[in-house]
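Okay, structure first, notes after.
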10 protein chains.
Amino acid sequence: SSIIDRLPSFSAALFEAKTHKRLTFEAIAKHLGRSEVAVAALFYGQARASPEDVVKLTQLLGLSAESLSGATVAQLTGFPDRGRAGPMPPVEPLIYRLYEIVQNYGYAFKAVMNEKFGDGIMSAICFSSEVEKEVDETGAPWVVITLKGKWLPFSRF
Amino acid sequence: SSIIDRLPSFSAALFEAKTHKRLTFEAIAKHLGRSEVAVAALFYGQARASPEDVVKLTQLLGLSAESLSGATVAQLTGFPDRGRAGPMPPVEPLIYRLYEIVQNYGYAFKAVMNEKFGDGIMSAICFSSEVEKEVDETGAPWVVITLKGKWLPFSRF
Amino acid sequence: SSIIDRLPSFSAALFEAKTHKRLTFEAIAKHLGRSEVAVAALFYGQARASPEDVVKLTQLLGLSAESLSGATVAQLTGFPDRGRAGPMPPVEPLIYRLYEIVQNYGYAFKAVMNEKFGDGIMSAICFSSEVEKEVDETGAPWVVITLKGKWLPFSRF
Amino acid sequence: SSIIDRLPSFSAALFEAKTHKRLTFEAIAKHLGRSEVAVAALFYGQARASPEDVVKLTQLLGLSAESLSGATVAQLTGFPDRGRAGPMPPVEPLIYRLYEIVQNYGYAFKAVMNEKFGDGIMSAICFSSEVEKEVDETGAPWVVITLKGKWLPFSRF
Amino acid sequence: SSIIDRLPSFSAALFEAKTHKRLTFEAIAKHLGRSEVAVAALFYGQARASPEDVVKLTQLLGLSAESLSGATVAQLTGFPDRGRAGPMPPVEPLIYRLYEIVQNYGYAFKAVMNEKFGDGIMSAICFSSEVEKEVDETGAPWVVITLKGKWLPFSRF
Amino acid sequence: SSIIDRLPSFSAALFEAKTHKRLTFEAIAKHLGRSEVAVAALFYGQARASPEDVVKLTQLLGLSAESLSGATVAQLTGFPDRGRAGPMPPVEPLIYRLYEIVQNYGYAFKAVMNEKFGDGIMSAICFSSEVEKEVDETGAPWVVITLKGKWLPFSRF
Amino acid sequence: SSIIDRLPSFSAALFEAKTHKRLTFEAIAKHLGRSEVAVAALFYGQARASPEDVVKLTQLLGLSAESLSGATVAQLTGFPDRGRAGPMPPVEPLIYRLYEIVQNYGYAFKAVMNEKFGDGIMSAICFSSEVEKEVDETGAPWVVITLKGKWLPFSRF
Amino acid sequence: SSIIDRLPSFSAALFEAKTHKRLTFEAIAKHLGRSEVAVAALFYGQARASPEDVVKLTQLLGLSAESLSGATVAQLTGFPDRGRAGPMPPVEPLIYRLYEIVQNYGYAFKAVMNEKFGDGIMSAICFSSEVEKEVDETGAPWVVITLKGKWLPFSRF
Amino acid sequence: SSIIDRLPSFSAALFEAKTHKRLTFEAIAKHLGRSEVAVAALFYGQARASPEDVVKLTQLLGLSAESLSGATVAQLTGFPDRGRAGPMPPVEPLIYRLYEIVQNYGYAFKAVMNEKFGDGIMSAICFSSEVEKEVDETGAPWVVITLKGKWLPFSRF
Amino acid sequence: SSIIDRLPSFSAALFEAKTHKRLTFEAIAKHLGRSEVAVAALFYGQARASPEDVVKLTQLLGLSAESLSGATVAQLTGFPDRGRAGPMPPVEPLIYRLYEIVQNYGYAFKAVMNEKFGDGIMSAICFSSEVEKEVDETGAPWVVITLKGKWLPFSRF
């Protein structure tokens, strides 16, 4: 079965309306004043929508009151049950490449961060991310992912 | 046992010399003309050193011919056996946060990339990464990781 | 349950029509100008169809507009959620043999490729594959699988 | 620790002599009349050497009687304990790409083979493999792996 | 849920008809000219039926055209998706005992076979199996399983 | 490292003496009045030796009192810590084929045994096994493994 | 979903009737002349009912012919597909405690049994079990589980 | 390697002295006023010795001050790091049978205990166990394991 | 699918009524005289309700007799099948943090408890827990989780 | 082997000196002005020591310059490689109870925290913990663990 079956019940409606309206995540993100990654995460049930997000989404996607019930609105603005979109280790080649970066460079990231910041972690909660496209001089496209997280030092106790 | 035991035999010598010489990855990276992440990866046996890197490293770290034998040079400039620095899923909190980002936002990254680039993946091979520090208006430090990879479209066959 | 239950919803319709029309992957592949492996992968939801592929498939398989809805066309030409056709390690004996080749000869392949090409990987994305039949002098059939992938050197960074 | 530690005791001696003599797998393969993949597999303890292979290897690598004891010769010409060179799923990026091909195209290979050959498997025992380099018109190198195995039909019983 | 739910859709019909007709695997096997193990495997979707098998099965089991549709016949005579009848390691005590024999005596079997046959494997494809009952002098029943497979030597390449 | 490292400390001495004396398991088995499989299992620490077995083994293998200490004799005649010779699922191709037979035919074996014997299991303890070689009319060798175990009905309680 | 969903289809009917009739396993066990543990196992599809058990159960539970169809009777008196009631390691705290006893005292049990009985196992097939309640002098309740299994010595072969 | 290598450093000394003195766990248990299971667990580092136990053990086993250093005494009377004697699921056939009992009868035990005692668990801490031998009328030996644990009701909070 | 699908059938009704009535766990907990953690656990089917809890819950949540059938009441006041609310290791970030605390500080907790209490465990059965909110001088909120469990010393036996 | 073997090299020296000086974690914690849990975590290599901590520890434990080399001091004040003290799921009964609390009450904790704090997590980094002993009116000891972490709301992006 497709990934839609593993997602919250509202996901199918959102993806369908997006396809129908021929909207990009970029367009929706601009309309909501959010990042494309966050909007896509919201479609997959991995991020929370504010009530204003829901109003704007409904209008933009042309969703009628029937297709987006009160229960669905509650679910969209509720507290996501994160981490369930796909299996780990990822089997999807695109997502596996990100996993492989963590596998290969994890300790290098740790060593560099510890040196620059001390004993702590980069937060994945107080966190944002963007995906941008760059084209090099040969015309080849490159992906640039930015992961920005607050530095949290381990408390001394 | 410490992580050193799981690494190539040259790692201990490199880390010890770095500590002894009070050198940062930043300083070594500048000397080698490489990224800090790549240099740290090289210390962990996850990246390859060029012969010039080895000469520069040896000088900067003050490594005598004895401590860095021919076999070690061969290993440093050889083909790394990547992916073995630590377990997956990571048990180290800092590295786990990166893993969690892949777990939570993996499909969101895929959806945004597919929309922007088509059917393909971001290469983790034709790839570079940087870690930078930003300080916000309240004085709080933030980590900014940049992951840059070439876009590879699936071949039609 | 049979494997059909684990596949995208269009798979059942495609396989059924193929059986009904007594078409081989070879015939479909010729009609589409693609490899048999790619066509089979497309049936399993592991490869993407171009709009032209869909037109040709529909005609060849005699699929009416009803059996292949707009949503299905969108799914066929959309971005596949790859890697889900079966479990790993494979339990199917034919597929396990391929897995065993990777298990037994993986480091041998790596050593030979590193020697021939340097530090890098064979792409599984910029990639094509063929399956051919050979018959030896005793009349015994042999399978010849060709895996062809672009060589990607690790970036120096 | 490096991969050498996980291999049969003769592996280190073979790899060291190969490096010292600046021999390629290609050269050794020609000398032994075998495939490069088989020779590399032999270095990793995943294939068996014939007594003639050992004689030729010893001469070519310049191994003295001391470095290659009777026990080692027995081990080289003995029955390999296959499958232990590395973990599965592979963590090495190059080997993972081969694994991913099995994961993504496994059922496509099965469907095509069943259609071409009937109910059975491609043998991984009555089997050979080659790695070749091709350069396309843009000068980019491509890897071509050939996997050739005898077709074994399931017995009717 | 019972094991029937994990099997091909035709399994339930076959088992039900077998119960209804009070037929044993022994009787069906004789009628089909096959081994009881093969017939049971066929019921579980782990072996392939020839068109003649289907005709004979239908008659013997008294299956009407309705209960065994064309799609079911196609599935019975198609290429089985083997290996899915139950989990590994087995949780069923009877099947676990067989698994334990492989676990405890696996290397002993290998050592004896290598000595008797050389470097290779016993095929599980070019293979047949029988289960027989023996009663010892005390009246106690014993199970005798025969596993017969062609010896396949590793190709030299 | 080779499998010897994972075995009881006496294994290396036994295998070495066997190689040195050019003895087969068949010859040793005859001398001990046991099955070849049992003798190989004994070498791998998976079966128990009687005091008489130890006397006969010592003589036949020409082991001096020094190489086979009292502690070793105690270990050989002690209670084996079974099940540790290799990993499960097996990575060795020969042993995997046996595992695959259990995976593919496990429920078929259960169905046939239940029909022939009732509710119970074939014992893997009150058990013996033999490996024999057969050569068919074309001169091709076949392996015949016999597994014989007492039938144990589930107690009614 | 509740555990009922993972059980044979007759389980729900049995548990419901037991609740409705306010019957304890103790009462049912007495009526059937079996142990409470066996009766509970029968409800979970982990033990086999004799035809007499089914008659007695039906009467005691007041099950009409409709609720317990012929297929259900066949399933109850058939050969259970054991081992599927719950996951291992157990997540249920009560069952985990039993698992922990095996984990902590497993080798102690083995050592004591080997000393008392020789080389063999305690059968889990030729086996019975009881759960009893004891109250100590402070009024605190204690559980006493008795596991009784036939000793099976390893065959010498 | 044998199980001794996975145990606390004192285990080897204890087992060796026990063998040398030809003492049974039964004899040691009587001398210490403890259960055989507890004494065996103590040998495997899974139970704690009191200072008096150490004195009595030392005398009975004839251990000199040298073989049982102060550090060893501290370890014996310290807090065991339980649960590490062997892998789970167990690969040892004797221990696996106990595991299988939990797998097959776990929910039956839970159902019977809940009925007899309410909502809670049988403690594996406030717990004791015995192994006894019974011989039936045919002379066949049976193992009787008693597991006795305090009933702990879930707190209402 | 959302977490509701993995829970007992009554969970959906309880959560819906709670949302509809705009009740907090705090309010429900006060009404029932229980802890918020226990009440939430009850909603997830991980804790048991007393008959009085059910009466109070029904009234407070305004549940009609229809929505809460006799079977549901039986399930609510029955014996929970604990441990199934989510996967372990947890994929939900909030729950993972608690898991990480056990991973990082587990042995520290053990060492401190052993020192303070001796050889034993903190009960997770005879146990209660609370979650409280604290706000520090900067206005930042902190979570304070209290885990209180009876100390259970290992029995000497 | 004991847990000491899995820990940083300084751990053995610290534990030995602590035993020798008959110091409790409580006493060391007071001397360092830290929590007992943190001090124990430091002994297990799971927390970082400040230079002042090292000075105070050295004095209190009576460690000479020889036993605590410069490399060890560097390791103690370096960046811990956390998460490696023991396996997960824990096999140690005391630590398992904490894991079970996360398994059973994880979603209850999430629901209560989401209600009290919104969408976010309790930090395990900006975090402290204490273990206290309480004795109830019957004289029975209770463990009270306090987990205090900063609340981190998910960033809106």
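The values are calculated or read from the model by the stated rules, or taken from the named source; none is laboratory data. Please read these numbers as outputs of a predicted model, since none were measured by experiment. Here the Cβ positions follow ideal geometry from the backbone for every residue, glycine too, while neighbour counts run over all protein chains shown. With ligands, DNA and RNA removed, areas are computed over all heavy atoms of the protein, side chains included. Shrake-Rupley method; radii C 1.70, N 1.55, O 1.52, S 1.80 Å.
Overview of results
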item: Every residue from segment F:23-43 that is free of Cβ contacts under 8 Å to residues at least 24 places away in the same chain and polar (S, T, N, Q); result: F:Thr24
item: Single residue of segment F:100-132 satisfying the filter (within 17 Å of E:Gly106 (Cβ to Cβ) and open to solvent by 20 Å² or more (accessible area, probe 1.4 Å)) that is farthest from the other protein chains (Cβ to nearest Cβ); result: F:Glu130
item: Odd one out for G:Val39, checked against (1) more than 20 Å from G:Gly78 (Cα to Cα); (2) open to solvent by less than 40 Å² (accessible area, probe 1.4 Å); (3) modelled with pLDDT of 95 or more; result: (1)
item: Helices (runs of 4 or more DSSP H) enclosed by segment A:1-87 - at least 1 residues per element that are of a type in the set (D, E, K, R) and more than 16 Å from the chain's Cα centre (by Cα); result: A:9-20, A:51-61
item: The one condition in (1) free of Cβ contacts under 8 Å to residues at least 60 places away in the same chain; (2) open to solvent by less than 40 Å² (accessible area, probe 1.4 Å) that E:Leu76 fails to fulfil; result: (1)
item: Residue check for I:Pro89: closer than 29 Å to A:Gln46 by Cα, in contact with a strand residue (DSSP E or B) (Cβ under 9 Å, 6 or more places away or on another chain) and free of Cβ contacts under 8 Å to residues at least 24 places away in the same chain; result: no
item: Hey, I:Ala49 surrounded by fewer than 17 Cβ atoms within 10 Å (Cβ to Cβ) and closer than 30 Å to G:Arg22 by Cβ or not; result: no
item: Selection count where residues are in contact with a Leu (Cβ under 7 Å, 6 or more places away or on another chain) and surrounded by fewer than 22 Cβ atoms within 10 Å (Cβ to Cβ), scope segment J:1-17; result: 2
item: Scan of segment H:133-153 for residues that are more than 14 Å from chain I (Cβ to nearest Cβ) and open to solvent by 20 Å² or more (accessible area, probe 1.4 Å), ordered by number; result: H:Lys133, H:Glu134, H:Val135, H:Asp136, H:Glu137, H:Thr138, H:Gly139, H:Pro141, H:Trp142
item: Hits in segment G:1-36 (condition: modelled with pLDDT under 95 and of a type in the set (Val, Ile, Thr)); result: G:Ile3, G:Ile4, G:Thr19
item: Selection count, segment I:103-135, where residues are more than 24 Å from I:Phe25 (Cα to Cα) and not hydrophobic (A, V, I, L, M, F, W, C); result: 13
item: Residue among F:Glu52, F:Glu26 that is of a type in the set (D, E, K, R) and more than 15 Å from F:Ala74 (Cα to Cα); result: F:Glu26
item: Which listed residue is aromatic (Phe, Trp, Tyr), away from chain D (no Cβ under 14 Å) and surrounded by 20 or more Cβ atoms within 10 Å (Cβ to Cβ), from B:Tyr44, B:Tyr96; result: B:Tyr96
